[in-house]
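What follows is a set of notes on a single structure, which appears directly below.
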Amino acid sequence: MINPENLLQIAKGHSVTEGELEVLGAIVISGETITDVATRLKLQPEAVRKRLGEVYRKFGILGKGPGKLAKLQQLLMNNPVSNSKVRKPARKYNSRNNPSVGTSRSYGEQGLRVNPENLRFQSIADFTKGEGISGDTLISDLEGYTGCVPDWDSAPDVEPFYGRQSELEQLKSWIADEDRSRRSRLIVLYGMGGIGKTFLAVKAGKQVEKDFDAVVWRSIKQTPSLPKLIASIEDVINPGYISAAKLSAEESITKLINSLKERRCLIILDDLEAIFDPNNVAGCYLPEYEQYAELVQRIATENHESSVLIVSREKIADIAGLEENRVHTLQVAGSGEIAQQILENQGLEYNDAWQAIAANYGRNPLALKIMITMIQDLYGGQAEDFLSDSHSTTYFGFHSLLDEQFYRLSPEEKELMFVLAILQKASIAQIIDEEWLDLPQSDLIEYMSSLRRRSLLEIDGSKFSLQPMVWRHTVEKLINNIENEILNFLEDEEQSLENLDILTSYPWQQEEKDNQRLLFLIQRYFQAKAVGERLSEVLTTLEEKYPEASGYAIDNLRSIVKLAKV
């Protein structure tokens, strides 16, 4: 037999919180079901299960199944308690069940609060005999509990999981190293959309669950305020306390850091790019979300045994200053191994044609899956036929994601992308020496670094280039801009050269071997467009009106007219 006062003493010795104690007493002594407790306390059943799971962990009861509950009962019945009474300071506290009534609450030495009368504890005699309560329902509710309290929210199912074994092992070693002094406090995973960052993070998290007291996955896609985000995390790792949503951002951060010090937790924050400023360089927060920077800073620098894994399309701008032994970044890139496994899973051979298509897509898993579906539907699964079709586009079905990424670029980054699309491969020194952009070297380096943080650039020695599908998408944007410039020029009564900024600023005619693909795309585009028939009109106007002041426009238009045969 156990009474509420003895239970309070036992719970106090195991650091059980008020919220956990309410659930413990209701289920073990009163014999209520999870559903009954949730209804009475006005909680979700999942929140009740989480509190009970935390009680199991604090009493050292691991494993799965109804046997855990029997072990807990035995521990509570056999646990010796002091005969001394629990101190009852003269303090008023509003009852959870009746907020309008102030009732005296009992306090343990560690500040644990409970009103035994409100808990309605009776006896565990009926419970231990398995009579008088809904045993089957209770056992079903408790199935599957372990010492960890996981909350994966809307995290995706990661099966089947292809490749990434080296990245997976690297992540696990950072997060769950046996040497506590080497465990990472902060890890940033970044890479292009569709590359597999979230799958990798979730897979790693599920494989190390047993090493943590709690695992929480949250998406930032809906751009929650920082206090709201922290409140949802605290509800899992530290239930029963004042809601962090009622605190200021700074107070919320301090509360979370303290929780991460008290318990070993793994927090995964996905889609962080949703709160980055699209009008700034990569990885800079929107003004209303700059408090997230303080959260990242404190997680990285304060001493705790928890780990926070951030997943983003963009690398955080100021993370380099934090990278030390317990702060890491990992860029997730395309993988030939994953491409091969995806194809083989579809019953397709990873032959030369499919390898070429995968390479065109930067071996991006999502892009490749889209391409497989399209080629199976329209080309009978024959990759060779798709490649031989000159009208096929190398980023079919991936357009919206690339558009989203392109529109997040600052104006200077877009201009730099256009230059790299024309040159196809260039060093910073070449761009400066040949005066492709009117930017100081320091600004050019900053924008180039920003594009790298967005995973849009490939690097070979000191030369940079765009990924194949990014190059193709950028060329289309460039040609669309040229078309708009020509239309504006034709509609302008004065036909000012200001309307032809791109045509006048950049030369199309590089060495033939270097720009054949670019000229081919320009040719094909203007052959198919009505505006192509008016290119000769624009060229004649420039030759007559601006023979010396039109920059590269005359030579560029002559090339287009010749190639497009218009």
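The values are calculated or read from the model by the stated rules, or taken from the named source; none is laboratory data. All figures in this text were calculated on a predicted structure; none of them were measured in a lab. Note that we place each Cβ from the backbone using ideal geometry, even for glycine, and neighbour counts take in every protein chain shown.
A few notes on this one:
Residues checked against (1) modelled with pLDDT under 90; (2) within 24 Å of the chain's Cα centre (by Cα):
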site: TYR361; (1), (2): yes, yes
site: LEU378; (1), (2): yes, no
site: GLY381; (1), (2): yes, no
site: THR394; (1), (2): yes, no
site: LEU401; (1), (2): yes, yes
site: GLU415; (1), (2): no, no
site: VAL419; (1), (2): no, no
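- The lone exception for TYR447 - which of (1) in a helix (DSSP H, G or I); (2) loosely packed, with under 15 Cβ neighbours inside 10 Å it fails: (2)
- Looking across region 438-458, the residues that are within 18 Å of ASP277 (Cβ to Cβ) and of a type in the set (D, E, K, R) come down to ASP443, GLU446, ARG452, ARG453, ARG454.
- For region 302-340, residues that are of a type outside the set (A, V, I, L, M, F, W, C) and either crowded, with 17+ Cβ neighbours inside 10 Å or in contact with a Leu (Cβ under 7 Å, 6 or more places away or on another chain) (or both) total 13.
- Filter pass, PRO150 being surrounded by 16 or more Cβ atoms within 10 Å (Cβ to Cβ), under 19 Å from the mean Cα position of the chain (by Cα) and free of Cβ contacts under 8 Å to residues at least 60 places away in the same chain: no
Residues are listed down the side, and each one gets a yes or a no for (1) crowded, with 18+ Cβ neighbours inside 10 Å; (2) within 45 Å of the chain's Cα centre (by Cα):
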| position | (1), (2) |
| --- | --- |
| ASP460 | no, yes |
| GLU483 | no, yes |
| ASN488 | no, yes |
| ASP492 | no, no |
| TRP508 | yes, yes |
| SER536 | no, no |
| GLU543 | no, no |
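- Pairs where the first residue, in region 32-47, is small (Gly, Ala, Ser) and the second is exposed (fewer than 14 other Cβ atoms within 10 Å of the Cβ) and modelled with pLDDT under 80, C-beta under 7 Å, 6+ apart: ALA38/GLN44
- Given (1) within 21 Å of ALA317 (Cβ to Cβ); (2) aliphatic (A, V, I, L, M); (3) in contact (Cβ under 8 Å) with a residue 24 or more places away in the chain, number of the condition ILE459 does not satisfy: (3)
- Among all residues of region 414-426, there is at least one that is under 23 Å from ALA356 (Cα atoms), surrounded by 19 or more Cβ atoms within 10 Å (Cβ to Cβ) and of a type in the set (Gly, Ala, Ser).
- Taken across region 12-27, residues that are among the basic types (Lys, Arg) and modelled with pLDDT of 80 or more do not occur at all.
- Only a single criterion out of (1) at pLDDT below 85; (2) assigned to a helix (DSSP H, G or I); (3) in contact with a helix residue (DSSP H, G or I) (Cβ under 8 Å, 6 or more places away or on another chain); (4) not hydrophobic (A, V, I, L, M, F, W, C) is not satisfied by GLU543, namely (1).
- None of LEU256, LEU309, LEU229, LEU260 is closer than 26 Å to GLU324 by Cβ and assigned to a strand (DSSP E or B) except LEU309.
- Candidate set from region 179-226 (those that are of a type in the set (Lys, Arg), assigned to a loop (DSSP other than H, G, I, E, B) and under 13 Å from VAL308 (Cβ atoms)); member that is modelled with the highest pLDDT: ARG185
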